[in-house]
Each structure stands twice: as structure tokens, then as C-alpha cells.
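Colleague: Mind having a look at this structure? Questions to follow.
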Amino acid sequence: MRRRPLLAVAALALALPLGLGGCSGNDAPPQRPPAERLTAAKAHFDSATSVALDLSSRGVPSVENGVTAAKGDGVISTTEPKFRGTITGTVSGVAGTIDAIAVGDTAYLKLFTPTYQKTDLDTLNAPNPATFFDPAVGISSLLPQTGDPKDGGKTRAGREVLSKIDGTLPGKRVDELFHLGDGTGTYTVSYGLTDTDQLRSATLKGPFFPDADATYLLTLTNYGAPVAITRP
């Protein structure tokens, strides 16, 4: 005769974890503010020692001078950042891809030569790719300078599902880093972060060229992988 009360108690015990939201142990952790996540992503980047970079672009006018792509490895350092890889761009209407090594303020390029030649990038109006890996002025420095960061939901990048954080960047910072634009205006930016706040991607759109908006896409992988870069 006690079967019904026992069944009722068992049913109540099973129902309690579902009804008491704070006790289930399956609740998702509270979402941290976007600005806080960007700060964490900068710290993650700066402490990684190295990272692989893949920069591409869309909507760049064919007649405009400037860098349109870059791919290679970078050493993250506050004193002597480094880069080794390739740079694609247009100079005086001629487009091409060249091998590049940059160590600190000095760059070496294979400009139609079999060996690397020390090159003043300012004469080409090209950014020093080593600068991308300087925590003070490089890629990671953009994160805390992002205006009005907001949660942009989720996005897929290959096999990964990333958290999007959308915001804006001042033209001055874009010009300083990429040597593109006139230093004015506002650029939209969308970052892709992993669950551990590792910066995996950044997409910038805005007035990179006179009378033409363009989009630059940056992908970062291989955080902390061994990288040896020396002067040629």
C-alpha cells in the first residue's frame, strides 16, 4: 500500500534538479562583458611569444598602392618584434608578392633579387610587418581601443565556433598600423574569439582608400609555436 507515496517521492526527487535552476550544475557561466573579453584577448596574445598571421583583403581598387595581403610567422616582443613570410601589394600600379623578413625597425625584402636586400619600407608606403607583433602598437593594441564593443553572437571559422565582438576603430590607429587611409573616419571591426578569449580573427571595413571602402581580414593561428627568425 506504500507504493504510491514512494513513487511520488521518487518523481519529486527527479523533478527538483530541473526546477531549481541554480542547483543543476548544467547552467552556462555568465557571459562576461565584451570589453573585458577584449582585454583578456590582448593579454593572451601578448604572452603567446609567437603567432602565425594570414592577412587578406576584399574590395581594394586595382589602381591603388598599398598592401593587400600578408602571410607568415611573427615573434611577439616589446623590444624586437619579428616577422618572416610574404607580402602582397601594389606599387606604382605593379602588383606582386615578395618574400620579407623584418626584425625590429629593419626590413629585408627580395625585390626581384635572389637574396634579401635591406629596404626602407617608408619609400614603398608599406607597413613594417614586425610592428604587427609589438604589444604596444601592433595588432593586440587595437583590442582595448575598440569603441562601443558589443556581443555579436556566434560565427563559424572552419571547425571552430567563435564569439563575435563588434565595435569601431579610429582611422588614426588604422593608418598607423597598416599605412592605409588618411587617418580620419571610423572603421567597423569584428573580432572572433575562442571560448578561452584567444583572438582568432579580425575583420576591418572602412575608408582604406580615397572614395572606396575596403575590407581587410586577419586570421591568427599557431599561438606559441616554436619560431626562429634571424636577419638574413
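Every number in this text was worked out from the coordinates using simple rules, so none of it is lab data. Since this is a predicted model, take the numbers as computed values, not measurements. Here the Cβ positions follow ideal geometry from the backbone for every residue, glycine too, while neighbour counts run over all protein chains shown.
Conditions tested, residue by residue: (1) touching a helix residue (DSSP H, G or I) at 6+ places or on another chain (Cβ under 6 Å); (2) among the β-branched types (Val, Ile, Thr); (3) free of Cβ contacts under 8 Å to residues at least 60 places away in the same chain.
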| site | (1), (2), (3) |
| --- | --- |
| ASP148 | no, no, yes |
| ASP151 | yes, no, no |
| ARG156 | no, no, yes |
| LYS172 | no, no, yes |
| LEU177 | no, no, yes |
| TYR187 | yes, no, yes |
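Colleague: Same structure again: Looking only at the range 97-124, count every residue that is of a type outside the set (Lys, Arg), surrounded by fewer than 12 Cβ atoms within 10 Å (Cβ to Cβ) and free of Cβ contacts under 8 Å to residues at least 40 places away in the same chain and tell me the total.
Modeller: 7
Colleague: Residues being more than 13 Å from ALA202 (Cα to Cα), surrounded by 17 or more Cβ atoms within 10 Å (Cβ to Cβ) and among the β-branched types (Val, Ile, Thr): count how many of those fall in the range 129-173.
Modeller: Adding up the residues that qualify gives 1.
Colleague: Let me ask something else. Just checking, which of VAL60, VAL51, VAL91 is surrounded by fewer than 20 Cβ atoms within 10 Å (Cβ to Cβ) and touching a residue at least 12 places away in the same chain (Cβ under 8 Å)?
Modeller: None of the others qualify; the one that does is VAL91.
Colleague: How about the range 91-193: which strands (runs of 3 or more DSSP E) wholly inside it have at least 1 residues that are within 17 Å of the chain's Cα centre (by Cα) and either closer than 30 Å to ARG32 by Cα or aromatic (Phe, Trp, Tyr) (or both)?
Modeller: Per the criteria, 147-157, 160-170, 186-193.
Colleague: Taking interchain pairs and intrachain pairs at least six residues apart, which have beta carbon atoms under 7 angstrom, with the first residue in the range 213-232 and touching a residue at least 60 places away in the same chain (Cβ under 8 Å) and surrounded by 13 or more Cβ atoms within 10 Å (Cβ to Cβ) and the second of a type in the set (S, T, N, Q) and not in a strand (DSSP E or B)?
Modeller: Correct list of pairs: TYR223/GLN198.
Colleague: For the range 195-219, what are the residues that are under 20 Å from SER47 (Cβ atoms), in a strand (DSSP E or B) and not charged (D, E, K, R)?
Modeller: Within the range 195-219, LEU199, SER201, ALA202, LEU218, THR219 qualify.
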